[in-house]
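Okay, structure first, notes after.
Rule-based calculations on the coordinates, nothing more; no lab input. Remember, it's a predicted structure, so these values are computed and weren't measured experimentally. Please note: Cβ atoms are built from the backbone with ideal geometry, for glycine as well, and neighbour counts cover all protein chains shown.
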Ligand code: PRX
């Protein structure tokens, strides 16, 4: 099943809406090698989700690693599965499907030897090395549940995740390498484990840097896998067995452990990877995301390997050694599909076209983007300069919770417009709703909801189904709320306008304003803080903090608190010390006022709307006056 014409797209979209069970059972049969094929499609519904998570393919059973490895051995055992390029462009590893299968089996049997069992949770805190994918697949082979924590997160963030999911084992590396800089991964894990102990830490040697060591707890990865076997039987698990937990930021409180299960997620990742990009035999596919985010899970590891693709893993950054690195890789590896983030493209476009034109990009056919709205100027640069006007640009809108692509053009099929994610994939039924939650028909702008379940969606929040229901299904009962704003034009094309909740998207990294606020208010001398996003030229959005603090509090202390409690990627871009926050008489901070002031920057924010409910309207004037000095 592929889509090669608009008529086929329409046919599949209609079929998935009319009879989701028949459509998705067909996809699941087509894309997955089941131990026991499912007879059941969807059970449960959005309307009954408060009672129990919904299920897909519940009577089927499978193993995720078999999809990515075993079933390719006869047909493509000698084909490169992972093409890894390290921090230095000359540092290349090619791992065939046969080798990857062997490595995964060795790791799986060795981890089983350490006592890892089906259902156990294991945290990965690693850089972009092949062993990160090997560890994910090895855990999946055992039916264990991985939770990858992005290598920029702090010790406190790791400890919080270890506690929440009850992990007893962490897999990490001595240090990460990015753009010639070392990132002390093991040291950060050690610090996390002073807060929350684990039984074992397995450490991959990447840089050879000295590391702290606790005998009996710490083990080298190479010593561990040396005890493994070249084959290890996969654990056959029910389709709804948990595959992974990925923590993600929301409007309130600490990050949530979004849970994805095996059958529906694998079918959806494989289907969307092949469909959106118009995948062909022989493609060299490069997604330059990090495995610590959902994009790395679905579109570096699970989707591409399930489809038997050669998937590129990239350890470095787009500007190392210079702004031509991506296109140098395209030339050297003859990459056909390239998938990146608008924030990097904006930086590279600013560096000048010479960095692009220096390299042969004739192998490219598809250019994908993900993670944040792509502005038309950047879209056009991607299309005209990088793609020499002959590539399909595929702007993919989706989320950690959707598991895979949701709204995007199908490469070479769907007509595109710079800045629009265009049309929903089969199975995705979007609706725009106004502020009264009434459905908007035809062209209009509102909040984006998805009305019908699809197999790749998150099933629950780890250990907190009530929070899952409250976060996504409380706004309109029976309908999934995305948290995004969106416009639909007269052609039915969708234009994502950004988050409408208290989530900020900085360089494609999703951050909760509540997390910043709790970090900032932890600093002695700070009374209150409110954090909002504001438009930022290269990052898409920046973090703007309004802080009420004693004169003794300095900027460095606030930055340090964010680094410590969230991670190195959590920075305050603009700080404004204010005499008070605009609050209603019942004490609720009126964020829409702060958002408007932050968006205006040093300009007048104009009409701030109804201020009559404010306890002290005078404070708004003072904040407006001070905005020009925010830095
Ligand atoms: O606001 C949307 C934005 O990223 C959010 C999801 O973030 P996360 O769960 O970290 O997943 C990122 C990778 C899928 C969305 O709610 N977003 C993602 N892709 C796009 C986007 N906004 C506009 N256009 C996109 N293509």
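Expressed in nm², what is the orientationally averaged projection area of the convex hull enclosing the Cα positions of segment 310-398? Let's see the in-between values first.
Details: hull surface 21.7 nm².
Its Cα hull, projected and averaged over all orientations, spans 5.4 nm².
Each principal axis of the Cα cloud of segment 52-117 was taken in turn, and the coordinate range along them, longest first, works out to 51, 31, 26 Å.
Would you please give the FRET efficiency between residue 30 and residue 236, computed as 1/(1 + (r/R0)^6) with r the Cβ-Cβ distance and R0 = 25 Å, to the nearest 0.05?
Details: r = 20 Å, r/R0 = 0.80.
So, using R0 = 25 Å, E works out to roughly 0.80.
Here is the tail figure for segment 120-279: Cα pairs spaced more than 26 Å apart come to 31 percent of all pairs.
Note down the relative contact order for segment 61-123 as a percent, whole number, built from C-alpha pairs under 8 angstrom at least six residues apart. Walk me through the intermediate numbers first.
Numbers: 42 pairs, mean separation 16.6, N = 63.
Computed value for segment 61-123: 26 percent relative contact order.
When only alpha carbons are used to place a centre, segment 595-613 and segment 60-98 end up 53 Å from one another. Start at zero, step by 20 Å, and the Cα-Cα distances of the chain spread as 19, 55, 25, 1 percent across the bins.
Computed log10 I(q)/I(0) for segment 507-629 at 0.13, 0.23 Å⁻¹: -0.50, -1.45, from the Debye equation with unit scatterers placed on every C-alpha and solvent omitted.
Computed across segment 417-505, the Kirkwood radius stands at 13.9 Å (inverse of mean 1/r, all Cα pairs). Our Cα-only numbers for segment 252-378 put the radius of gyration and Dmax at 15.5, 47 Å.
As a rough guide to protection, the peptides 452-461, 268-277 ranked by mean Cβ packing within 10 Å, highest first, stand as 268-277, 452-461.
The protection proxy used here, the mean number of other Cβ atoms lying within 10 Å of each residue, ranks peptides 278-290, 119-131 as follows, highest first: 119-131, 278-290. Where both residues lie in segment 195-268, what percent of DSSP beta bridges are antiparallel, nearest 5? Taking every DSSP beta bridge with both residues in segment 195-268, the antiparallel ones total about 65 percent. The mean of 1/r over all pairs of different alpha-carbon atoms in segment 491-556, once inverted, gives a Kirkwood hydrodynamic radius of 13.3 Å.
For segment 81-145, take N as its residue count and report Rg(C-alpha) divided by 2.2 N^0.38 Å. Don't skip to the answer; put the middle values down first.
On the way: Rg = 12.8 Å, N = 65, 2.2 N^0.38 = 10.7 Å.
So the Cα radius of gyration is 1.19 times the expected 2.2 N^0.38 Å.
For the chain, DSSP calls about 60 percent of its internal beta bridges antiparallel.
As an exercise, find the ratio Rg/Rh for segment 204-281 from alpha-carbon atoms, using the Kirkwood inverse-distance average for Rh. Let's see the in-between values first.
Numbers: Rg = 19.1 Å, Rh = 17.3 Å.
Looking at segment 204-281, the ratio lands at 1.10.
Each part gets one Cα centre, and for segment 163-227 versus segment 350-415 those centres are 36 Å apart.
Between residue 59 and residue 625, the C-beta separation translates, for a Förster distance of 56 Å, into a calculated FRET efficiency of about 0.30.
So if each residue of separation counts as 0.36 nm, and I subtract the Cα-Cα distance between residue 217 and residue 194, what length gain in nm does that give?
Values: separation 23, 0.36 × 23 = 8.28 nm, distance 1.27 nm.
Here the segment from residue 217 to residue 194 would lengthen by 7.0 nm.
Volume per residue for segment 1-133 equals 198 cubic angstrom (convex hull of Cα atoms).
Which whole-number percent is the relative contact order of the chain (Cα, under 8 Å, 6+ apart)?
On the way: 1432 pairs, mean separation 79.5, N = 631.
After rounding, I find 13 percent.
Helical runs (DSSP H, four residues minimum) scored at -39500 (n - 2.57) apiece and divided by the length of the chain put the mean residue ellipticity at 222 nm at -8500 deg cm²/dmol. Summarising the strand pairing of segment 15-173, around 50 percent of its internal DSSP beta bridges are antiparallel. Protection proxy ranking, highest mean first, for peptides 592-599, 109-116, 29-36: 592-599, 109-116, 29-36, where packing is the per-residue count of other beta-carbon atoms within 10 Å, averaged.
Across segment 507-629, Cα pairs under 8 Å and at least six residues apart give a relative contact order of 23 percent.
Taking 7 Å steps out from each Cα toward its Cβ at residue 4 and residue 48 produces label points 4.1 nm apart. For segment 351-435, the square roots a ≥ b ≥ c of the C-alpha gyration tensor eigenvalues yield an a/c of 1.5 or more together with a/b exceeding b/c, which makes the shape prolate.
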